[in-house]
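The values are calculated or read from the model by the stated rules, or taken from the named source; none is laboratory data. If you're wondering where the values come from, they're calculated on a predicted model, not measured in any experiment. Cβ placement follows ideal geometry from the backbone for every residue including glycine, while neighbour counts extend to all protein chains displayed. For accessibility, only protein heavy atoms count, side chains too; no ligands or nucleic acids. Shrake-Rupley method; radii C 1.70, N 1.55, O 1.52, S 1.80 Å.
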Amino acid sequence: MERSEAYGFSGAMSGAFLLSCLLFAAVSRRLRGPYMDEVFHVPQAQAYCHGRFLQWDPMITTLPGLYLLSVGVVKPVAWLLGWTGSVVCSVGMLRFINLLFSAGNFYLLYLLLLKIHQKNKAVSGFQRILSALTLAMFPTLYFFTFLYYTDPGSVFFTLFAYLMCLYGNHKTSALLGFCGFMFRQTNIVWTVFCAGNVVAEKLNEAWKTELQKKKDEKFSSRKGSFSDLTRILQFLIKYLISPKNLVTLTALTWPYIILVIVFFCFVFINGGIVVGDRSSHEACLHFPQLFYFLSFTGFFSFPHLLTPTKIRKFILLLRKHPLQYSLITAISLFLIWKFTYVHKYLLADNRHYTFYVWRKVFQRHELVKYILVPFYVFAGWTFADTLKSKSIFWILMYFVCLLAVTVPQKLLEFRYFILPFLIYRLNIPFPSIYRQLLELAFYITVNAVTFYLFLNRTFQWADSDEIQRFMW
């Protein structure tokens, strides 16, 4: 990192943290007590603060990583500063933990951009800083910086594990992956993703050797056809059934394998992936979640995905391959028809934006969910098109993890899309500075509207005296 870039990054990070502190103060003044899921998280952390580690709220569905870390940070700080009484592990003190995670996420995002795109000499330091700032301000994640939720810590440990994986520190990566798992059980998928990075790299090396042996330049230039995919899958099967290759891959990924084994032991002993209240978190094959994620990504990455060039290219592909896209459309229609689920929380809780998305869009008419399929197909194509700089094995591995982390979820919840979105966004090529600035301006605008509604547009339910607020 050059000195000018180091100064620029320090300035951007300091400025963002100062802005977050000011916003944190505003939220704390308006919202002094626990809100939404904080009603469960805050008392649980406070119980740990008082040494009651066997106390557990059965409504909490995640493991106690957030509470253990909070106690591990807050108690020593309180002792050093001489704080006693209610200020220790107060709502504000616990929320501040996530503000620290937010600063850590900013730094990790920058380091990941630096590592992933290190071979691209055309990328300037300003672009890296701008992208890191933009992703640190990603609205769905940034909002939960100011509440005592698991999301900022979950993202922190997962991104940290990914960074260590890219640097080849796999034992450290697996340990950090365990920390991420302790924040949210589904983060085990991103441990598999880290192992998949190692496997994809080895597969890509072997594939290049295979092509070089056959001197099949014509094939390698026709990337993306059906015959290409068939040959790649044949190669993949042949490679993975080789005992020698399996031993090599096991030797490289054993820390992740151990963690996955620990995960399956936990699921067996616990009787499922969810701890506490399982009645509202039942797994199912909810394939339309993939379409919702693609729409979510299209919305928050429109400067990269919704360009005139991409639209023209997509139309040309429709004309060139009508049968292929007709088949994709038919499969999408079938998946929506047979596998659409509507969670009771989605219909009942009018504090979340998903409630209004569902009511204003999907509930307008029974046919709306089918009419949206062409948009899903375009979103899926442009999403995949932006990843074409990655190897085919990396793309396959990412899509498997994406399906694993989204499809089993019955509830449409934007928070579930944070990690797959960030990993996608980190790995696409850098756009022009103009598009980066447009993306940052869009995120700032969405954040401003979100916090305005949350702080100022309160309402009450007919059967409750509590103040309700709009949120992600």
| message | Being touching a residue at least 24 places away in the same chain (Cβ under 8 Å) and open to solvent by 70 Å² or more (accessible area, probe 1.4 Å) is the filter here; which residues of the range 282-310 pass it? | response | GLU282, ALA283, LEU285, LEU306
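Looking at the range 419-432, is at least one residue touching a residue at least 40 places away in the same chain (Cβ under 8 Å), farther than 19 Å from PHE181 by Cβ and polar (S, T, N, Q)? Quick ask: steps written out before the conclusion?
Of all residues in the range 419-432, those touching a residue at least 40 places away in the same chain (Cβ under 8 Å) come to 419-431.
After this cut, where a residue has to be farther than 19 Å from PHE181 by Cβ as well, the list is 421, 424-431.
Still in the running and polar (S, T, N, Q): 427.
Scanning the range 419-432 turns up at least one residue that is touching a residue at least 40 places away in the same chain (Cβ under 8 Å), farther than 19 Å from PHE181 by Cβ and polar (S, T, N, Q).
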| message | Taking the condition of being in contact with a Phe, Trp or Tyr (Cβ under 9 Å, 6 or more places away or on another chain), among the aliphatic types (A, V, I, L, M) and more than 27 Å from VAL446 (Cα to Cα), how many residues in the range 329-379 meet it? | response | 3
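Between LEU108, LEU68, LEU135, LEU99, which is touching a Phe, Trp or Tyr at 6+ places or on another chain (Cβ under 9 Å), farther than 30 Å from TYR353 by Cβ, at pLDDT 95 or above and assigned to a helix (DSSP H, G or I)?
Numbers: LEU108 fails: farther than 30 Å from TYR353 by Cβ; LEU135 fails: farther than 30 Å from TYR353 by Cβ; LEU99 fails: farther than 30 Å from TYR353 by Cβ.
Going through LEU108, LEU68, LEU135, LEU99 in turn, just one is touching a Phe, Trp or Tyr at 6+ places or on another chain (Cβ under 9 Å), farther than 30 Å from TYR353 by Cβ, at pLDDT 95 or above and assigned to a helix (DSSP H, G or I): LEU68.
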| task | Find the residue count for the range 74-116, including only residues that are touching a Ser or Thr at 6+ places or on another chain (Cβ under 6 Å) and among the β-branched types (Val, Ile, Thr). | result | 1
| field | Criterion violated by ASN98 - all others in (1) in contact (Cβ under 8 Å) with a residue 60 or more places away in the chain; (2) under 21 Å from the mean Cα position of the chain (by Cα); (3) crowded, with 19+ Cβ neighbours inside 10 Å satisfied | value | (1)
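Going through the range 236-251 one residue at a time, which ones are part of a helix (DSSP H, G or I), surrounded by 12 or more Cβ atoms within 10 Å (Cβ to Cβ) and polar (S, T, N, Q)? Even if it seems obvious, please write down each step before you answer.
Filtering the range 236-251 down to residues part of a helix (DSSP H, G or I) leaves 236-240, 243-251.
Then keep just the ones that are surrounded by 12 or more Cβ atoms within 10 Å (Cβ to Cβ); that gives 236, 238-240, 245-246, 248-249.
Residues satisfying the conditions are ASN245, THR248.
Results for (1) assigned to a helix (DSSP H, G or I); (2) buried (at least 18 other Cβ atoms within 10 Å of the Cβ); (3) in contact with a Gly (Cβ under 6 Å, 6 or more places away or on another chain), shown as yes or no for each residue.
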position: MET397; (1), (2), (3): yes, yes, yes
position: LYS410; (1), (2), (3): no, yes, no
position: PRO429; (1), (2), (3): no, no, no
position: GLU439; (1), (2), (3): yes, yes, no
position: VAL449; (1), (2), (3): yes, no, no
position: TYR452; (1), (2), (3): yes, no, no
position: ASP465; (1), (2), (3): no, no, no
| said: I want to confirm something. Restricting to the range 269-284 and keeping residues that are β-branched (Val, Ile, Thr) and over 16 Å from GLU413 (Cβ atoms), which single residue is nearest to the chain's Cα centre (by Cα)? | reply: VAL275
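Out of everything in the range 331-351 that is among the hydrophobic types (A, V, I, L, M, F, W, C) and either touching a residue at least 60 places away in the same chain (Cβ under 8 Å) or under 30 Å from GLU466 (Cα atoms) (or both), what residue ends up being least open to solvent (accessible area, probe 1.4 Å)?
Step one: list which residues in the range 331-351 are among the hydrophobic types (A, V, I, L, M, F, W, C), which gives 331, 333-337, 339, 342, 346-348.
Filter again for either touching a residue at least 60 places away in the same chain (Cβ under 8 Å) or under 30 Å from GLU466 (Cα atoms) (or both), leaving 342, 346-348.
Values: VAL342: 59, LEU346: 9, LEU347: 85, ALA348: 77 Å².
It comes out as LEU346.
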| task | Take the range 412-427 and flag every residue that is crowded, with 19+ Cβ neighbours inside 10 Å and outside any helix (DSSP H, G or I). | result | LEU412
| note | Of (1) over 20 Å from the mean Cα position of the chain (by Cα); (2) surrounded by fewer than 18 Cβ atoms within 10 Å (Cβ to Cβ); (3) within 25 Å of GLY153 (Cβ to Cβ), LYS360 fails just (3)
| field | Odd one out for ILE392, checked against (1) over 13 Å from LEU290 (Cα atoms); (2) surrounded by fewer than 18 Cβ atoms within 10 Å (Cβ to Cβ); (3) of a type outside the set (S, T, N, Q) | value | (2)
| said: Regarding the range 287-303, can at least one residue be identified that is among the aliphatic types (A, V, I, L, M) and closer than 29 Å to PHE375 by Cβ? | reply: yes
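Looking at ILE315, ILE328, ILE371, which one is surrounded by fewer than 18 Cβ atoms within 10 Å (Cβ to Cβ) and closer than 20 Å to LEU402 by Cβ? Can you show your working first?
Numbers: ILE315 fails: closer than 20 Å to LEU402 by Cβ; ILE371 fails: closer than 20 Å to LEU402 by Cβ.
Unique residue meeting the criteria: ILE328.
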| query | Only one of (1) in contact (Cβ under 8 Å) with a residue 12 or more places away in the chain; (2) of a type outside the set (Val, Ile, Thr); (3) outside any helix (DSSP H, G or I) fails for GLY168. Which number is that? | reply | (1)
| query | TRP56 fails exactly one of the following numbered conditions: (1) open to solvent by 60 Å² or more (accessible area, probe 1.4 Å); (2) in contact with a Gly (Cβ under 8 Å, 6 or more places away or on another chain); (3) of a type outside the set (Lys, Arg); (4) modelled with pLDDT of 95 or more. What is the number of that condition? | reply | (4)
| request: Considering only residues that are in contact with a helix residue (DSSP H, G or I) (Cβ under 9 Å, 6 or more places away or on another chain) and of a type in the set (A, V, I, L, M, F, W, C), look in the range 454-463 and name the one that is most open to solvent (accessible area, probe 1.4 Å). | output: LEU455
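Here is a check on your reading of the model: is VAL77 over 21 Å from ARG278 (Cβ atoms), assigned to a helix (DSSP H, G or I) and either of a type outside the set (D, E, K, R) or touching a His at 6+ places or on another chain (Cβ under 7 Å) (or both)?
Spelling it out, VAL77 is indeed over 21 Å from ARG278 (Cβ atoms), assigned to a helix (DSSP H, G or I) and either of a type outside the set (D, E, K, R) or touching a His at 6+ places or on another chain (Cβ under 7 Å) (or both).
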